[in-house]
Amino acid sequence: MKNLKNKVAVVTGAGSGIGRALARSLADRGCRLALSDVNEAGLVETAEALEGADVKTYSLDVSDRDAIFAHAEEVVKDFGQVNLVINNAGVALSATVREMTDEDFKWVMDIDFWGVAHGTRAFLPHLIASGDGHVVNVSSVFGLIGVPKQSAYNAAKFAVRGFTEALRQEMKLENQPVAVSCVHPGGIRTNIANAARMGKSENAVAQRKGFDKLAMTTPEKAAETIVKGILKNESRILVGPDAWGIDAINRLLGSAYQPLVERFSRKNLYI
Ligand SMILES: NC(=O)c1ccc[n+]([C@@H]2O[C@H](COP(=O)([O-])OP(=O)(O)OC[C@H]3O[C@@H](n4cnc5c(N)ncnc54)[C@H](O)[C@@H]3O)[C@@H](O)[C@H]2O)c1
């Protein structure tokens, strides 16, 4: 996809943060937008700021498989086609493996992994039918390295990466007209830490402050990087200098990155 003008783009989790900034950036490039979120108030705010653009909003919980498949049909009915799907909606949890509840673990997997998997599968036939499609799945730097207290999020984001990389190869082997990118943001200054669930023993205030200190990139800058990566058909889109650093450490050290993370976590995460 060399040009986004008049392309129909679907963005989940568009009511805040990276999703909202992506909506802005895509609208500026002439996309027609199908924006969704569970947070309807946030979604309305996003849409109101896009005055003049061709935008429709949809209330959607990405953890609901049937709702996503129904959403895909509705978007095609409303816009006639779909070219770009960005499976962006996500949540975070800070809790150790020992203390996290089954319910919290499932909550993260249902949204962060299954939301992406269902979103991809529901829209894929329509992207193929468009003749010029692109799937963009949002993982994280935590889809590249494991981090204490992030086991559920790590599990979901590593799964997104594996699923997405396999899909990219399948689309090429089958000569399908669908490009596939996996996005790995570093720390982005959004609402994700505020909306996160925390384990019982967590010092929520300190954890959230710690996140704010580490988040180096604005959502607007993140969206620009993602959109440029889409236009270049990058398989892996790294967002922010911290993401590049983590990717480099991972490549250089392999599994020997772990003592480094352990040392960093002792100071910053076990607070
Ligand atoms: N902010 C970061 O530092 C960071 C880093 C790496 C990856 N990410 C990923 O980027 C994506 C966007 O996160 P963000 O930072 O913009 O966070 P955010 O909290 O600002 O936005 C996430 C949006 O997803 C929506 N959402 C949550 N649960 C949903 C559900 N069940 N169905 C539909 N929508 C739902 C929220 O309402 C919210 O509008 C997520 O997948 C997140 O994991 C963020």
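If you scan region 75-133, which residues turn out to be among the β-branched types (Val, Ile, Thr) and under 30 Å from residue 147 (Cβ atoms)? First the steps, then the outcome.
Taking region 75-133 as the starting set, the residues that turn out to be among the β-branched types (Val, Ile, Thr) are 75-76, 82, 85-86, 91, 96-97, 101, 108, 111, 116, 120, 128.
Of everything in region 75-133, those that are among the β-branched types (Val, Ile, Thr) and under 30 Å from residue 147 (Cβ atoms) turn out to be 85, 86, 91, 96, 97, 101, 108, 111, 116, 120.
Considering only region 130-152, state which residues are open to solvent by less than 30 Å² (accessible area, probe 1.4 Å), assigned to a helix (DSSP H, G or I) and closer than 17 Å to residue 88 by Cβ.
141, 143, listed by residue number.
Give me the pairs, please: first residue somewhere in region 75-91 and free of Cβ contacts under 8 Å to residues at least 12 places away in the same chain and away from the ligand (no atom under 14 Å from the Cβ), second residue anywhere and hydrophobic (A, V, I, L, M, F, W, C) and open to solvent by 10 Å² or more (accessible area, probe 1.4 Å), beta-carbon distance under 8 Å, and either six or more positions apart or on two chains.
Cβ pairs passing all conditions: none.
Could you figure out which of (1) under 22 Å from residue 18 (Cβ atoms); (2) more than 14 Å from the ligand (Cβ to nearest atom) isn't true of residue 110?
Unmet condition: (2).
If you take the residues in region 33-50 that are in a helix (DSSP H, G or I) and more than 9 Å from the ligand (Cβ to nearest atom), which one is surrounded by the fewest Cβ atoms within 10 Å (Cβ to Cβ)? Please lay out each step first, then the result.
Filtering region 33-50 for residues in a helix (DSSP H, G or I) gives 40-48.
Checking which are more than 9 Å from the ligand (Cβ to nearest atom) leaves us with 40-41, 44-45, 47-48.
Working: 40: 14, 41: 8, 44: 13, 45: 13, 47: 20, 48: 10.
Among them, the one singled out is 41.
With respect to residue 202, is the statement that it is over 12 Å from the mean Cα position of the chain (by Cα) and free of Cβ contacts under 8 Å to residues at least 24 places away in the same chain true?
On the way: over 12 Å from the mean Cα position of the chain (by Cα): yes; free of Cβ contacts under 8 Å to residues at least 24 places away in the same chain: no.
Considered against the rule, which asks whether it is over 12 Å from the mean Cα position of the chain (by Cα) and free of Cβ contacts under 8 Å to residues at least 24 places away in the same chain, residue 202 comes out as no.
Anything in region 95-114 that is hydrophobic (A, V, I, L, M, F, W, C) and in a helix (DSSP H, G or I)? List them, or say none.
First pass over region 95-114, keeping only residues hydrophobic (A, V, I, L, M, F, W, C): 95, 97, 100, 105, 107-109, 111, 113-114.
Hits for region 95-114 are 105, 107, 108, 109, 111, 113, 114.
From the list 96, 120, which residue is among the polar types (S, T, N, Q) and open to solvent by 20 Å² or more (accessible area, probe 1.4 Å)?
On the way: 120 fails: open to solvent by 20 Å² or more (accessible area, probe 1.4 Å).
From the options 96, 120, the qualifying one is 96.
Regarding residue 64, is this residue open to solvent by 60 Å² or more (accessible area, probe 1.4 Å) and closer than 20 Å to residue 137 by Cβ? Spell out the reasoning first.
Details: open to solvent by 60 Å² or more (accessible area, probe 1.4 Å): yes; closer than 20 Å to residue 137 by Cβ: yes.
Spelling it out, residue 64 is indeed open to solvent by 60 Å² or more (accessible area, probe 1.4 Å) and closer than 20 Å to residue 137 by Cβ.
Mind telling me which of the residues 240, 254 ends up being open to solvent by less than 70 Å² (accessible area, probe 1.4 Å) and in contact (Cβ under 8 Å) with a residue 40 or more places away in the chain? Before the answer, list the steps.
Numbers: 254 fails: in contact (Cβ under 8 Å) with a residue 40 or more places away in the chain.
That would be 240, the only listed residue that is open to solvent by less than 70 Å² (accessible area, probe 1.4 Å) and in contact (Cβ under 8 Å) with a residue 40 or more places away in the chain.
The values are calculated or read from the model by the stated rules, or taken from the named source; none is laboratory data. Keep in mind that what you see is a predicted model, and the values were worked out from it rather than measured. Counting neighbours? That spans all protein chains shown, and the Cβs are built from the backbone with ideal geometry, glycine included. These area figures cover heavy atoms from the full protein model, side chains too; ligands, DNA and RNA do not enter into them. Shrake-Rupley method; radii C 1.70, N 1.55, O 1.52, S 1.80 Å.
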